[in-house]
Amino acid sequence: MNFLSPYFLILYPVLLLVYRRLRKKGRTVLLLFESALFYVLMEPRFALLFFGEIVLTWVLAGRAAALRLEGGEQADKRRRLVTAIGVIVPLAVLAVFKYAGLFSDAFKGGIIPAGISFYTFQALSYVIDVSSGRTGHEKNPLYYALYLSFFPQLVAGPIERAGDLLPQMKTLDRTPSGNEKLEGLSLMVRGYFKKVVIADSIAALVDTVFSMEHPAGFTVLLGAILFSFQIYGDFSGYTDIARGSSLLLGIRLMENFRMPYLSTSVSSFYRRWHISLNRWFRDYVYIPLGGSRRGKARHLVNILLVFSLSGLWHGSGLHYLFWGLSSGLLICLEILTGTGKEQEMTAPVRAVRTILTFLLVSLCWIFFRAENTGRALTLFSCLFSGGVSIPELAGVFGSVREAVLLIPAILSLYLLDRESTGKEDLSVLYLRRRAAIFFTMGLLTVLTFLLHQNQGVDNAFIYFRF
């Protein structure tokens with residue numbers, strides 16, 4: 001669901017008012033209806049496909065759970081077969097939509113169903129966990145359907161596990177506390193501010209740089225750095241809104257970002273960036289492959305394979321594969337040199353390593369942001385050719401004032417996330433100060449949103465395309 005669409009902005013407050021007046025069963029039905037409605041309004045062409053995957057994975061997971069209880073060699077073989085079907089079929093559907101265009105002109109330029117990468121991985125984790133006995137099968141199909149279709153996190157995550165989210169779906173009679181309501185509202189305001197005021201404002205600058213045929217080296221570096229802040233504001237902003245809107249309903253979603261740009265290594269960055277996806281690949285790909293238990297060479301191969309798959313998860317273009325590979329190679333280099341481990345370091349060393357990590361991650365983002373591999377390689381060639389072009393920089397920013405105003409906007413990303421990790425202070429003075437800050441943020445968000453609407457700015461979230 002696009003949190004900036006009229007559907008959400010109008011229907012969510014209505015949902016919240018009605019939800020508070022219902023009991024447990026009524027809340028379950030209402031949330032399930034709203035989740036289905038949001039998806040149908042957003043993606044009517046593929047609604048049956050989505051609902052079909054819900055039914056298929058629930059039935060197959062239930063069969064796998066029954067065969068596990070039955071025991072015996074034959075039952076175990078059938079269980080593995082049922083599990084394989086429950087994994088292969090959703091993956092095959094995902095592959096057709098995301099990668100068939102590489103082999104058939106009929107699929108080129110096709111539309112990818114919204115959220116298919118996210119809800120497919122969430123369904124796969126359920127089938128695998130039920131089959132292996134890590135979690136029990138949910139016998140009530142309504143709870144499972146709500147687990148897979150819950151509208152705040154359906155389209156762009158976080159990718160939840162059944163063991164974390166399903167129990168909350170079964171306790172909807174719980175009313176959020178005052179602190180949870182305050183936290184949820186703060187998360188939503190913060191998320192909208194990140195998305196509208198920061199990410200969407202930076203987007204035009206990034207588009208200008210990446211549309212230049214042969215930009216100067218410093219211009220490319222600047223574009224990569226700006227995109228780093230754009231994608232973080234955009235994606236973490238979505239997560240904040242998803243977590244906040246869920247918390248107001250009494251459901252707590254997992255943290256998906258943990259101040260990643262303050263990491264002192266690329267390894268640490270990916271432990272703090274898109275946490276739910278990286279945890280998924282760790283648990284269902286990296287560890288089954290042997291992780292780090294089969295020698296250093298196998299360990300490095302496993303890392304490269306996982307990051308290659310992560311790149312391909314984002315899209316079929318080779319530039320996504322190169323993005324994943326480049327990140328994986330940097331982590332392998334850190335393992336070989338011993339620089340990827342968390343360790344005590346002086347403030348100057350920490351500062352240098354943080355800046356270096358940020359620059360390396362930003363350079364990898366060039367592959368991610370470029371339209372294709374050829375375009376990415378062209379930008380890299382321009383980057384290493386060096387040079388500074390004042391006319392180009394003037395064309396990017398438009399004015400010195402615009403460039404200067406960008407600094408506090410980007411700095412606010414750090415300040416907002418730092419505040420959310422601190423201890424909760426419920427003093428009157430703190431609450432008043434916080435209310436003033438968030439009121440100002442909300443006002444700036446509304447004004448910027450209206451300005452962007454007047455300018456025709458595309459406010460779609462970046463990760464909706466995946």
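The values are calculated or read from the model by the stated rules, or taken from the named source; none is laboratory data. Values in this document were obtained by computation on a predicted structure and should not be read as measured data. Virtual Cβ from ideal backbone geometry, glycine too; neighbours counted across all protein chains shown. Remember, those area values only see protein heavy atoms, side chains included, never the ligands or the DNA or RNA. Shrake-Rupley method; radii C 1.70, N 1.55, O 1.52, S 1.80 Å.
Answer yes if at least one residue in segment 380-390 is of a type in the set (S, T, N, Q), exposed (fewer than 11 other Cβ atoms within 10 Å of the Cβ) and either at pLDDT below 75 or in a helix (DSSP H, G or I) (or both), and no otherwise. Write out each step before concluding.
Keep residues of segment 380-390 that are of a type in the set (S, T, N, Q), which gives 381, 385, 389.
Keeping just the survivors that are exposed (fewer than 11 other Cβ atoms within 10 Å of the Cβ) gives none.
No, segment 380-390 contains no residue that is of a type in the set (S, T, N, Q), exposed (fewer than 11 other Cβ atoms within 10 Å of the Cβ) and either at pLDDT below 75 or in a helix (DSSP H, G or I) (or both).
If TYR261 satisfies every condition in (1) within 20 Å of the chain's Cα centre (by Cα); (2) under 30 Å from ALA61 (Cα atoms) but one, which is the exception?
(2)
Which of the residues spanning segment 112-153 are under 26 Å from LEU67 (Cβ atoms) and at pLDDT below 90?
Taking segment 112-153 first, the residues under 26 Å from LEU67 (Cβ atoms) are 119-148.
None - no residue of segment 112-153 is under 26 Å from LEU67 (Cβ atoms) and at pLDDT below 90, so the list stays empty.
Testing PRO408 on (1) surrounded by 11 or more Cβ atoms within 10 Å (Cβ to Cβ); (2) modelled with pLDDT under 80, one condition comes back false. Which one is that?
Among (1) surrounded by 11 or more Cβ atoms within 10 Å (Cβ to Cβ); (2) modelled with pLDDT under 80, the lone unmet condition for PRO408 is (1).
Going through segment 23-50 one residue at a time, which ones are of a type outside the set (A, V, I, L, M, F, W, C), within 16 Å of LEU249 (Cβ to Cβ), assigned to a helix (DSSP H, G or I) and open to solvent by 50 Å² or more (accessible area, probe 1.4 Å)? Step through it out loud before you land on a result.
In the first step, residues of segment 23-50 are kept if they are of a type outside the set (A, V, I, L, M, F, W, C); the result is 23-28, 34-35, 39, 43-45.
After this cut, where a residue has to be within 16 Å of LEU249 (Cβ to Cβ) as well, the list is 23-28, 34-35.
Narrowing the set further to residues that are assigned to a helix (DSSP H, G or I) leaves 24-28, 34-35.
Scanning segment 23-50 gives LYS24, LYS25.
Of the residues that make up segment 288-297, is at least one touching a residue at least 24 places away in the same chain (Cβ under 8 Å), part of a helix (DSSP H, G or I) and surrounded by fewer than 20 Cβ atoms within 10 Å (Cβ to Cβ)? Steps first, please.
If we filter segment 288-297 for residues that are touching a residue at least 24 places away in the same chain (Cβ under 8 Å), which is where we start, we get 296.
Next cut, part of a helix (DSSP H, G or I) only: 296.
Now restrict to residues that are surrounded by fewer than 20 Cβ atoms within 10 Å (Cβ to Cβ): 296.
Yes, there is a match, as at least one residue in segment 288-297 is touching a residue at least 24 places away in the same chain (Cβ under 8 Å), part of a helix (DSSP H, G or I) and surrounded by fewer than 20 Cβ atoms within 10 Å (Cβ to Cβ).
Counting only residues that are buried (at least 22 other Cβ atoms within 10 Å of the Cβ) and in contact with a Pro (Cβ under 8 Å, 6 or more places away or on another chain), which one in segment 252-268 is farthest from VAL209 (Cα to Cα)?
Within segment 252-268, the match that is farthest from VAL209 (Cα to Cα) is LEU253.
Pairs under 9 Å by beta carbon, first residue over 20 Å from VAL155 (Cα atoms) in segment 1-22, partner among the acidic types (Asp, Glu), six or more apart or different chains?
Listed pairs, sorted by first residue: TYR19/GLU34.
Read through the list (1) at positive phi; (2) open to solvent by less than 50 Å² (accessible area, probe 1.4 Å), then give the number of the only condition that PHE8 fails.
(1)
If we scan segment 427-444, do we find a residue that is out of contact with any His (no Cβ under 8 Å at 6 or more places or on another chain), of a type in the set (Ser, Thr, Tyr) and at pLDDT 75 or above? Don't jump to the end; show me each part of the working.
Of segment 427-444, the ones out of contact with any His (no Cβ under 8 Å at 6 or more places or on another chain) are 427-444.
Still in the list and also of a type in the set (Ser, Thr, Tyr): 427, 430, 440.
When the remaining residues are screened for being at pLDDT 75 or above, the result is 440.
Yes, because at least one residue in segment 427-444 is out of contact with any His (no Cβ under 8 Å at 6 or more places or on another chain), of a type in the set (Ser, Thr, Tyr) and at pLDDT 75 or above.
Wholly within segment 108-208, which helices (runs of 4 or more DSSP H) include no fewer than the required count, namely at least 2 residues that are open to solvent by less than 20 Å² (accessible area, probe 1.4 Å), among the β-branched types (Val, Ile, Thr) and in contact (Cβ under 8 Å) with a residue 12 or more places away in the chain?
Details: elements: 116-132, 141-149, 151-154, 162-169, 178-192.
Output list reads 116-132.
Could you tell me whether any residue of segment 216-229 is touching a residue at least 24 places away in the same chain (Cβ under 8 Å), open to solvent by 10 Å² or more (accessible area, probe 1.4 Å) and not in a helix (DSSP H, G or I)?
yes
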